[in-house]
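Worksheet: one structure, shown below.
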Amino acid sequence: FLTPMDVPEQVPAREGWIEVAGARLWYWDTGGEGPAVVLLHPATGSGQIWGYQQPVLAKAGFRVIGYSRKHHAKSEITAVEEMESDAEDLHRLVQALKLGRIHAIGSAAGGGIVMQYAAKHPQSLLSMTIACSLGSVRDQRYREACLAVRPAGFYSLSPEFRELRPCYRAADREVTRRWIALVKSSRSGRVRQPSPADTVDVTWEKLAASKVPCLLVGGDADLYLPPPLLEYCHDRLPGSQMVLINGAGHSAYWEQPRLFNEAVLKFLNSR
């Protein structure tokens, strides 16, 4: 059995809110003079989930920022009719904190937003890391394949079944309960499905043309994005790097944080 790691002590970080179109987004920021790393959480998470990554990245010399997207923990909706895309919200956060060019790291749904950001604001990125993510590319063949691997009723299953591999859940029920508690506390309301106006058109061609260095991270037990689909993405992003983490499902940042952090730091330090 895998022995889960305890969450390490966090580096001090200031908290605040950023005003974006139709919302106030909660964030934390470790500060510092190093390059900025912005962490984008999965749909089941919030800015609170990065306990394994925050101190590791900060101690490696990076300024680390995490935030909660609209409808997630501690963030607030102020005017639904004024809301823009999550990619545009990210850009407003980057500008408000005067981050300059950033390293963006997105897990699952967060990875799709990183792709949108790269398609629309490539000049603002030093690199992008897309982890265990179906992404947001307009590719009908790929989308159909992604749907085919998830059976009818998949989303009626519990988040921990969908996103944590079986051996992890069996190894330490207390740490699994901690993950479940974070998931339950991550939603500040019903998550609104994006309309076409909320999204950014993303194609493999746009991502390749952006020339943003890209790391793709996957888990060998990911029920959403099994290794062949990760390889499909890798093949369509010339120059991208790919890391497959053994012993991880859809939440590699939590299930295998040591391996996840090592892969990310190796990539970031090579930029």
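Some points to look at:
- Summed over qualifying helices (DSSP H, 4 residues or more, each -39500 (n - 2.57)) and divided by its residue number, the chain shows a 222 nm mean residue ellipticity of -10000 deg cm²/dmol.
- Relative contact order for the stretch 47-145, counting Cα pairs under 8 Å that sit 6 or more residues apart, in percent: 20
- Surface per residue (accessible, 1.4 Å probe) for the chain, Å²: 44
- Rounded to 5, the percent of DSSP beta bridges in the chain classed as antiparallel: 35
- GNM on the chain, alpha-carbon springs under 10 angstrom: the most fluctuating residue among Pro42, Pro159, Pro151 is Pro151.
- What the phi angles of the stretch 249-262 give under the Karplus curve with 6.51, -1.76 and 1.60, with θ = phi - 60°, is a coupling list of x, 7, 10, 4, 4, 9, 6, 10, x, 5, 5, 4, 5, 4 Hz, glycine and proline written as x.
- Placing +1 on each Lys and Arg Cβ and -1 on each Asp and Glu Cβ, with no other charges, gives the chain a dipole about its Cα centre of roughly 100 debye.
- Close Lys pairs in the chain, defined as Cα atoms under 18 Å apart and 8 or more places apart or on different chains, number 5.
- Take the Cα of Val80, step 7 Å toward its Cβ, do the same at Asp172, and the gap between the two points is 4.1 nm.
- Per residue, the average separation of C-alpha pairs within less than 8 Å and at least 6 apart gives the chain a relative contact order of 21 percent.
- Zone residues, the stretch 41-83, relative to Arg24, backbone N less than 20 Å from point 7 Å out along Cα-to-Cβ: 46-48, 66-83
- Scalar couplings 3J(HN,Hα) for the stretch 158-163, obtained by applying the Karplus form with A = 6.51, B = -1.76, C = 1.60 to θ = phi - 60°, are 5, x, 5, 5, 5, 10 Hz; x denotes Gly and Pro.
- Solvent-accessible area, 1.4 Å probe, carbon plus sulfur percent, for the stretch 24-95: 45
- Alpha carbon centroid spacing (whole Å) that separates the stretch 1-65 from the stretch 76-97: 18
- Sequence-ordered 3J(HN,Hα) estimates for the stretch 69-74 from the Karplus curve with 6.51, -1.76 and 1.60 and θ = phi - 60° stand at 6, 3, 6, 10, 3, 6 Hz, glycine and proline given as x.
- The apolar share of the surface of the stretch 125-252, taken as the fraction of accessible area on carbon and sulfur atoms (1.4 Å probe, ligands and nucleic acids excluded), comes to 56 percent.
- Taken as Cα centroids, the stretch 138-173 and the stretch 231-261 sit 16 Å apart, rounded to the nearest whole angstrom.
- The H on the amide N of Ser133, modeled in the peptide plane, is under 5 Å from the matching H of Ala108, each at least 5 residues off or on a different chain.
- Size of electric dipole in the stretch 68-211: Cβ of Lys, Arg +1 and of Asp, Glu -1, about Cα centre, debye, nearest 20: 460
- Scanning residues 5 or more positions from Ala36 or on other chains, those with amide H under 5 Å from its amide H are Arg63, His103, with H placed 1.01 Å from N in the peptide plane.
- Close amide-amide hydrogen proximity is noted between Thr78 and Ala23, Arg24, each under 5 Å apart and 5 or more residues distant or on a separate chain (H modeled in the peptide plane; Pro and chain starts excluded).
- Glu81 - accessible surface, heavy atoms, 1.4 Å probe, Å² rounded to 10: 150
The values are calculated or read from the model by the stated rules, or taken from the named source; none is laboratory data. Please read these numbers as outputs of a predicted model, since none were measured by experiment. Cβ: placed from backbone, ideal geometry, glycine included. Neighbour counts: every protein chain shown. Heavy atoms of the whole protein, side chains included, go into the accessibility calculation; ligands, DNA and RNA do not. Shrake-Rupley method; radii C 1.70, N 1.55, O 1.52, S 1.80 Å.
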